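Any read-out appearing in this document is the output of simple, stated calculations on the displayed coordinates, not a laboratory observation. Quantities reported herein were computed from a predicted structural model and do not represent experimental measurements. Positions of Cβ are backbone-derived with ideal geometry, glycine not excepted, and every protein chain shown enters the neighbour counts.
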Amino acid sequence: MRMRHAALALLVLAAARIEAQNGPTQDSTLIGVRLVQLNLVSTVDERRGLRESMALELRKAGLRVLPDSARLGTAVDAIITVVLREPAGCAKDLRMNVAQRVQVVRTARVHQLVTWLYEVPVGGVRGGNACRDEWWNDAIRQATDVFLTKWLDVNGR
C-alpha cells in the first residue's frame, strides 16, 4: 500500500502543470468587449495618474472606458481590475483580471467570473529592478500592452 502511495505521489509530482486559467482559450473571452469599467486597487501611494494613463491607452485602442463618476451597476461588457501590491520593501506585483457576466449552461445561472488574467511578478517588468520609482508605470504599461495585444488579436485591428 505504501508503495502505491509513493508511486502515486511521484506521478503527481512529475506530471506537467496544466494552466487552465492561462490557456489559449481565455483570449477568446475578449471577443466583443467594447465598454469596460476600470478599477485600480492599490496598497501603494504612487498610484496617482496610473488609472488615467491606463484608461487613455485603452481608449486609444478603441475601447470605451466608463469614467470614475459612472454609476455602479451600469451595464458593461467587462470589468477590468488591476491590483497593485507592495507587501514589503521592493517586493511588488501587479495582477490584472477581466471579469465578465457568464451564463452557466448546465444551470442557466449568470455569474460574474474572471475570464482573463495577467500577472506581472516582482522583477517581471521589462528592464527589471522593482526598487525603481518607475516600476509601477512600467508594470501598468506592460499589462496594458499584453491585454490590448490579445484584445486586438480577437477583435481585429
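What ranking do R141, R101 get, fewest neighbouring Cβ atoms within 10 angstrom at the top?
Ascending Cβ contact count within 10 Å gives the list R101, R141.
Can you work out ³J(HN,Hα) from phi for every residue in the range 55-70, in order, using Karplus 6.51 cos²θ - 1.76 cosθ + 1.60 and θ = phi - 60°, giving whole Hz and x for Gly and Pro?
4, 4, 5, 5, 5, 4, 7, x, 7, 9, 10, 5, x, 4, 6, 5
Separation between the V146 and R95 pseudo-spin-labels, each 7 Å from Cα along Cα→Cβ, expressed in nm?
The answer from the label model is 1.3 nm.
Determine ³J(HN,Hα), in whole Hz, for all residues of the range 74-81 in sequence, where each value follows from phi through the Karplus function 6.51 cos²θ - 1.76 cosθ + 1.60 and θ = phi - 60°; x replaces Gly and Pro.
4, 5, 10, 6, 7, 10, 9, 10
Quote to one decimal, in nm, the extra length available between Q103 and R157 on full extension: 0.36 nm per residue of separation minus the C-alpha distance between them.
16.6 nm
Within a 10 angstrom radius of the beta carbon, how do V65, V114 rank from fewest other beta carbons to most?
Ordered by Cβ neighbours within 10 Å, fewest first: V114, V65.
What ranking of K92, K150, K60 emerges when the number of other C-beta atoms within 10 Å of each C-beta is taken as an exposure proxy, fewest first?
K60, K150, K92
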